[in-house]
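The next block holds one structure in the form of structure tokens; read it before the comments.
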Amino acid sequence: AMKILFLSENFPPESNAAATRVYERACYWADWGHQVTVITSAPNFPEGKLFAGFENNWKQSETMSGIRVVRVKTYIAANRGVIHRTLDFLSFMVTGLLAALKEERPDVIAATSPQFFTAVAGWAAAGIRRIPFVFELGDLWPASIAAVGVMKKSFALGLIEKLELFLYRRSDAIAALTGSFKENLVERGIDGGKIAVVINGVDLARYSPQPRDAALAGKWGLEGKFVIGYIGTHGMAHALSNVLDAAERLQDRDHIRFLLAGAGAERDALIADAKKRGL
């Protein structure tokens, strides 16, 4: 059995992709007999508000599904505005690193991106303690923030890209979410031999056809309708206005309904847009 230390700024009860991915896999590791500790923050994503029942303390720990969860203090900011978000990321880099250095010596330290200031903390902790470091690559950051137009090509973006490549080079192994992420890294000179592609999957034991939820169908007028669902963050990277475009084209087909569930920076704008279009 191994002692695994994982740094991830997001973790349940937050429900974004990074939180879910780290948690679901950590559950398997715990089941297989490994000792798993996750260092994370008090849950506040994506609204930038503390979840009920949690406090933004310097350090608090709990056990969740056999996983030891250590929550550290961070600068909590709503998911809007580059400066506030950056301060949020940097604060977790510092408090997460300090917490990682205080933990009992693990066999491996892993950290997840996007926002790889978390990965900086993981790499630094692993370097100081001379332990292998695994970089879990959930998105090509900062390319993803440039793609959605949050940051233009700039000196700052160039510096972040240098840091990104430095981390790829210095990690002992990289777990990339898609084959194209691996191709991108290899094209930029990273050794493909240390990159494993670990794609998102579905836990088949938990997903099977179920009877429709009558209360939900009744509340939203979905009885007898064909429902197209989106469940997840309503963010800039998700381009959900495309879903509204599709809904607009299908307006005359009364048996089709679109159901979007989740929170995020674009949610209010999407609701307003749907009203404006009369969807």
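The values are calculated or read from the model by the stated rules, or taken from the named source; none is laboratory data. These numbers were taken from a predicted model, which means no experiment stands behind them. Positions of Cβ are backbone-derived with ideal geometry, glycine not excepted, and every protein chain shown enters the neighbour counts. What goes into the accessible areas is simple: the full protein's heavy atoms, side chains included, and nothing from ligands, DNA or RNA. Shrake-Rupley method; radii C 1.70, N 1.55, O 1.52, S 1.80 Å.
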| request: Would you check if there is a residue in region 33-55 being under 19 Å from residue 106 (Cα atoms) and outside any strand (DSSP E or B)? | output: yes
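Determine which member of the set 190, 195, 199 is among the aliphatic types (A, V, I, L, M) and in contact with a Phe, Trp or Tyr (Cβ under 6 Å, 6 or more places away or on another chain). Lay out the reasoning, then the answer.
On the way: 195 fails: in contact with a Phe, Trp or Tyr (Cβ under 6 Å, 6 or more places away or on another chain); 199 fails: in contact with a Phe, Trp or Tyr (Cβ under 6 Å, 6 or more places away or on another chain).
Exactly one of 190, 195, 199 is among the aliphatic types (A, V, I, L, M) and in contact with a Phe, Trp or Tyr (Cβ under 6 Å, 6 or more places away or on another chain), namely 190.
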| Which residue out of 7, 101, 87 is within 17 Å of residue 133 (Cα to Cα), touching a residue at least 12 places away in the same chain (Cβ under 8 Å) and open to solvent by 40 Å² or more (accessible area, probe 1.4 Å)? | 101
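Counting only residues that are at positive phi and of a type in the set (S, T, N, Q), how many does region 51-109 have?
Taking region 51-109 and keeping what is at positive phi, we get 53, 65-66, 81.
From the residues that got through so far, the ones that are of a type in the set (S, T, N, Q) too are 65.
Within region 51-109, residues that are at positive phi and of a type in the set (S, T, N, Q) number 1.
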| field | Selection count, region 20-42, where residues are without any contact (Cβ under 8 Å) to a residue 60 or more places away in the chain and crowded, with 21+ Cβ neighbours inside 10 Å | value | 6
| Based on what the data block shows, is residue 237 among the aliphatic types (A, V, I, L, M), within 22 Å of residue 20 (Cβ to Cβ) and open to solvent by 40 Å² or more (accessible area, probe 1.4 Å)? | yes
| task | Please specify each residue of region 212-231 satisfying the condition of being among the aliphatic types (A, V, I, L, M), surrounded by fewer than 10 Cβ atoms within 10 Å (Cβ to Cβ) and assigned to a helix (DSSP H, G or I). | result | 215
| said: Going by what's in this entry, would residue 30 be described as part of a helix (DSSP H, G or I) and touching a Pro at 6+ places or on another chain (Cβ under 6 Å)? | reply: no
| task | State the number of residues belonging to region 57-89 that are over 19 Å from the mean Cα position of the chain (by Cα) and in a helix (DSSP H, G or I). | result | 1
| said: Return the residues of region 187-211 that are open to solvent by 70 Å² or more (accessible area, probe 1.4 Å), among the basic types (Lys, Arg) and modelled with pLDDT of 90 or more; say none if nothing qualifies. | reply: 188
| field | Residues of region 57-77 satisfying the condition of being more than 30 Å from residue 2 (Cα to Cα) and open to solvent by less than 40 Å² (accessible area, probe 1.4 Å) | value | 77
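Which residues, counting only those in region 166-186, are part of a helix (DSSP H, G or I), open to solvent by less than 40 Å² (accessible area, probe 1.4 Å) and closer than 27 Å to residue 107 by Cβ? Lay out the reasoning, then the answer.
Going through region 166-186, the residues part of a helix (DSSP H, G or I) turn out to be 166-170, 179-186.
After this cut, where a residue has to be open to solvent by less than 40 Å² (accessible area, probe 1.4 Å) as well, the list is 167-168, 179, 181, 185.
The answer is 167, 168, 181, 185.
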